[in-house]
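No value in this document is a laboratory result; all are computed from the given coordinates. Quantities reported herein were computed from a predicted structural model and do not represent experimental measurements. Backbone-built Cβ (ideal geometry, glycine too); neighbour counts: all protein chains shown.
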Amino acid sequence: MRFLFLGDMVGRTGRTAVFERLPGLVEDWRLDFVVVNGENAAGGFGITEDIFETTVAAGADVVTTGNHVFDQREALTFASRHDRFLRPANYPPGTPGRGSGLFEAKNGARVLVANVMGRAFMHPELDDPFRAIGDIVSACPLGEQADAVIVDFHAEATSEKQCVGHFLDGRASVVVGTHTHVPTADHQILPGGTAYQSDAGMCGDYDSSLGMEKEEPLNRFLTRVPRGRFEAAQGPATICGLAVEISDRTGLAEKVSAVRIGPRLEPVVPSFW
Ligand SMILES: [Fe+2]
Ligand SMILES: [Fe+2]
């Protein structure tokens, strides 16, 4: 099974790059399943229903999110209407929407996708992410009810991300981090067969601060006096993510590659497709 993950789309430039490039990638690489993180797709803050639907139309099977999921208030209502829209699973009971789902890939595989959020340096009040993802994976085990298991772990601390990778090694096909908006160079297959990358990076303008226009973030570090709002940067976007060949027999990863397509970062595409 051919799987592609794309990191946080940031603003118009990030989402437009995904809308323009993803249909061609699905065709050229004959992708079976695609997950895109959309938590910053609307001006850097949250996602609208229209953007969600356009992302699915462009080829995403599932759109995951993170701490910005409800920045656009309409997400509070559309989250519950769309199976393919996920918010962090370890939000409090009663939060609109869902944190995981079972989906069918183009090759017929049953794919469990879960979106979980970290606590370290982030939101200590959330439910334990290890318990949350452990319960989700136990209820739909790889090789039994699921042919592939994909986890978007949305977190700040690399240590917490690595430990989720080890916690799920052999029980998930892919554990990929999001939220820091910068791709890490540690994509690998863990000893138990789980493809892992601490952060997929963003789909956005890398001449920026995390995809936002750099002037105001810099000003706040220098002076602490806000001069304006954070606005999404508008330069051409680089698409970043992770490509994984998943075994149809075991559901574990066989090959993994970073994906970077665009004008700023060194380009990388999988050599195995
Ligand atoms: Fe983000
Ligand atoms: Fe985030």
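From the list 238, 158, which one is in contact with a Cys (Cβ under 9 Å, 6 or more places away or on another chain), within 16 Å of ligand 1 (Cβ to nearest atom) and among the polar types (S, T, N, Q)?
Result: 238 is the single residue among 238, 158 that is in contact with a Cys (Cβ under 9 Å, 6 or more places away or on another chain), within 16 Å of ligand 1 (Cβ to nearest atom) and among the polar types (S, T, N, Q).
For the range 246-268, how many residues are in contact with an Asp or Glu (Cβ under 6 Å, 6 or more places away or on another chain) and over 18 Å from residue 199 (Cα atoms)?
Going through the range 246-268 one residue at a time, the tally reaches 3.
If you scan the range 115-126, which residues turn out to be more than 17 Å from residue 101 (Cβ to Cβ) and either among the polar types (S, T, N, Q) or under 20 Å from the mean Cα position of the chain (by Cα) (or both)?
Within the range 115-126, 118, 119, 120, 121, 122, 123, 126 qualify.
Could you list all residues from the range 138-155 that are within 15 Å of residue 190 (Cβ to Cβ) and either within 16 Å of ligand 1 (Cβ to nearest atom) or touching a Lys or Arg at 6+ places or on another chain (Cβ under 8 Å) (or both)?
142, 149, 153, listed by residue number.
Could you list, in sequence order, the residues of the range 58-78 that are within 16 Å of ligand 2 (Cβ to nearest atom), over 20 Å from residue 34 (Cβ atoms) and assigned to a loop (DSSP other than H, G, I, E, B)?
Scanning the range 58-78 gives 67, 68, 70, 71, 72.
Step by step: first the residues of the range 5-46, then only those that are within 16 Å of ligand 2 (Cβ to nearest atom) and charged (D, E, K, R), then the one that is nearest to residue 241 (Cα to Cα). Which residue is that?
If we take residues in the range 5-46 being within 16 Å of ligand 2 (Cβ to nearest atom) and charged (D, E, K, R), then 8 is nearest to residue 241 (Cα to Cα).
Take the range 198-216 and flag every residue that is within 16 Å of ligand 2 (Cβ to nearest atom) and of a type outside the set (D, E, K, R).
198, 200, 201, 202, 203, 204, 208, 209, 210, 211, 212
Can you say whether residue 101 is within 16 Å of ligand 2 (Cβ to nearest atom) and either surrounded by 17 or more Cβ atoms within 10 Å (Cβ to Cβ) or over 14 Å from the mean Cα position of the chain (by Cα) (or both), as far as the supplied structure shows?
Spelling it out, it is not the case that residue 101 is within 16 Å of ligand 2 (Cβ to nearest atom) and either surrounded by 17 or more Cβ atoms within 10 Å (Cβ to Cβ) or over 14 Å from the mean Cα position of the chain (by Cα) (or both).
Please determine, by comparing only the residues of the range 163-211 that are away from ligand 1 (no atom under 11 Å from the Cβ) and acidic (Asp, Glu), which one is farthest from residue 235 (Cα to Cα).
169
Checking residue 84 against (1) within 19 Å of residue 136 (Cβ to Cβ); (2) surrounded by 24 or more Cβ atoms within 10 Å (Cβ to Cβ), which test does it fail?
(2)
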